[in-house]
Amino acid sequence: MGRANFLLIAALYYIVTIIIIIVVLTLINRQEKKKLKRQISELEKEKNMIISASILSELNKVEALVNNDEMKAKYADWQKRFTSIRDDDMPKITDTINEIDELFENGDYKELKNLIIKTDFELNSLKTKADFLLDEIKEITLSEEKNREIITKLKAEYRAIKSEYEEHDTDYAIVKVPIELQFENVDKLFGVFETMMEQNQYTEVGKIVKAIDDIIKNLKVVIDETRPIVSLGKTLIPQKITDIKNISNKMIKEGYNLDYLNIDFNIEEANKKIQDVFQRLNVLNLEDSLFELKTMHDYFDSLYNDFDKEKISKRIYEDFSRSILLKVSKLEKINNELYKKMGDIRYSYDVNDDELTVVEEIKKEILEIRESYDKIVDVGRSHVLAYSKLAREMELINSRLIKSEEKLNVALRNLGSLKEDEQRAREQLEEIKNILFKTKEKVRSYKLPIVPKKYYVELGEAMEAINDMVKELESRPISIKALNIRVDTARDLVLKVYNNINETIKTAKMAEMAIVYGNRYRVVNREVDLGLIKAENLFYKGNFKNSLENAINAINIVEPGIHKRLLDEYK
């Protein structure tokens with residue numbers, strides 16, 4: 001490619017890029033103009049909606065209702081505010097919007113945007129002012145319809161309340177005078193309402209409607225809550241109080257301490273509260289009265305649970321009193337017996353200090369438990385504490401006693417096992433001696449041509465181990481650990497002698513039996529005779545195993561299979 005072509009292509013790319021940039025900027029500018037145009041249109045639309053026909057229409061309605069000085073003053077104020085919005089504020093907004101149109105035509109977008117934001121804020125403020133004015137006017141123009149609707153509902157509620165009262169008038173005897181006075185007040189207020197509506201005194205009507213609403217709401221609360229208040233305060237709670245007094249007096253005579261429940265004080269406070277509730281009821285003040293009486297009723301109900309708890313606690317306390325006393329006495333006896341044996345145990349056995357001091361600790365714990373138990377029993381006899389607290393104290397003492405009992409059981413197992421281990425070792429000594437005696441008897445009963453030297457070596461080791469075991473048993477204090485090692489060693493060595501001599505005698509018997517069996521073939525076969533001669537020589541030298549093998553091999557020459565039969569017999 002030549003230089004001229006390269007420059008041509010570069011120029012072409014440059015021109016195309018410039019065209020694209022111009023097109024993009026044009027499109028962006030067009031979109032921006034459309035957006036600004038739309039915002040200007042919206043401002044115009046919002047301006048036209050501020051002065052709506054609603055305000056004029058509502059002002060015309062008010063004009064027909066003006067029949068007193070107060071209404072005249074309000075009407076004049078609303079007219080003045082409306083005129084200010086229409087003749088002062090709106091022209092300013094119109095001039096600003098015209099200025100915005102001019103800036104748009106001139107393309108001064110920077111100033112235009114700032115002015116649009118400012119105008120939008122002013123329009124919103126003016127709209128709020130106009131809406132507030134319209135709401136004030138409507139409060140009067142719609143007053144009759146709204147208040148009539150409210151009064152209709154209030155009259156329906158009032159009739160229902162009055163009907164409920166008249167149907168159960170005897171239940172409301174306690175508040176008959178104030179309730180009927182309130183009924184009279186409501187009837188009068190309904191009359192006042194009608195008078196004011198006829199005179200178009202709408203500014204005062206709202207106050208009358210609110211007063212009627214407040215009285216009816218209070219009457220509804222009185223009608224709804226008076227009967228349960230009277231029932232609780234005059235019947236249910238006094239009955240509970242009487243029952244609670246009877247039960248508590250009976251329990252106190254039986255030895256229960258109920259001071260922590262503060263029953264007399266709480267009954268006195270309850271009576272004061274009931275009196276206060278009925279005093280307030282006389283002036284139809286029922287605030288929190290029903291809640292307070294229900295809370296009071298629930299409290300007296302809860303006392304029954306407290307009484308039951310005390311009765312159960314008494315049984316628990318008495319059960320623990322018996323069981324702890326028996327258990328403490330038993331543990332004291334066992335621990336004292338163990339304590340008396342401590343000297344013998346310390347002399348007879350090699351025990352560490354921890355195993356001995358634990359007995360002292362247990363003795364101290366049992367004494368402390370006994371003291372705590374006696375103290376609680378004394379308190380229980382004096383009836384200065386409730387059984388629920390006594391039962392808890394007994395439970396704690398019982399827990400301590402269980403722990404001490406577990407420690408004592410461990411100590412008994414550890415120290416008691418010393419004597420058991422010694423006794424077991426003496427029994428095993430007799431068994432070991434018996435096995436050794438049987439071993440010697442077996443050697444004497446079967447007259448071996450020669451006793452293997454190995455037997456005497458093993459016998460000597462076994463007897464030495466037995467002597468060591470006897471010395472350990474006769475020593476003081478005995479080390480149980482060392483004694484157990486001596487027992488194991490002696491038993492293993494004696495069993496070793498016993499098993500080995502049994503095996504030797506069994507092999508010797510088999511060898512002798514094989515030689516005797518093979519004698520029948522000596523005269524018929526020279527090789528059998530030579531083999532048996534060799535077997536006999538080995539037998540008299542004490543080599544019984546090789547003797548047996550030679551005898552079997554010799555017989556097998558003339559009687560195949562004898563080898564297997566004799567080996568089976570041997571096994």
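The values are calculated or read from the model by the stated rules, or taken from the named source; none is laboratory data. Note that the structure is a prediction, hence the values are computed from the model and not measured. Methodologically, a virtual Cβ is constructed for each residue, glycine included, from the backbone with ideal geometry; neighbour enumeration extends over all protein chains shown.
When K294 is tested against (1) touching a residue at least 40 places away in the same chain (Cβ under 8 Å); (2) assigned to a helix (DSSP H, G or I); (3) assigned by TED's automatic domain parsing to the domain that holds I215, just one condition goes unmet, and that condition is (3).
From the list V524, V528, V516, which one is free of Cβ contacts under 8 Å to residues at least 60 places away in the same chain and part of a loop (DSSP other than H, G, I, E, B)? So the residue among V524, V528, V516 that is free of Cβ contacts under 8 Å to residues at least 60 places away in the same chain and part of a loop (DSSP other than H, G, I, E, B) is V524.
For the stretch 508-552, taking the residues that are polar (S, T, N, Q) and buried (at least 17 other Cβ atoms within 10 Å of the Cβ), the one that is nearest to the chain's Cα centre (by Cα) is identified as N543. Those residues that are in a helix (DSSP H, G or I), surrounded by fewer than 15 Cβ atoms within 10 Å (Cβ to Cβ) and of a type outside the set (S, T, Y), I need them from the stretch 248-265; list them, please. Once the filter is applied, which keeps residues that are in a helix (DSSP H, G or I), surrounded by fewer than 15 Cβ atoms within 10 Å (Cβ to Cβ) and of a type outside the set (S, T, Y), the stretch 248-265 yields N249, K250, I252, K253, D259, D264, F265.
For beta carbons closer than 6 Å, sequence separation of 6+ or different chains, a first residue in the stretch 550-571 that is farther than 15 Å from V528 by Cβ and a second that is at pLDDT 70 or above and crowded, with 17+ Cβ neighbours inside 10 Å, the qualifying pairs are Y570/M510. If you filter the stretch 312-331 down to residues that are among the basic types (K, R) and free of Cβ contacts under 8 Å to residues at least 60 places away in the same chain, you find that the one that is farthest from V379 (Cα to Cα) is K330. Take the conditions (1) assigned to a loop (DSSP other than H, G, I, E, B); (2) out of contact with any Asp or Glu (no Cβ under 9 Å at 6 or more places or on another chain); E268 misses just one of them, which is (1). Only one of the numbered conditions (1) within 41 Å of the chain's Cα centre (by Cα); (2) surrounded by 18 or more Cβ atoms within 10 Å (Cβ to Cβ); (3) of a type in the set (A, V, I, L, M) is violated by L281, and that is (1).
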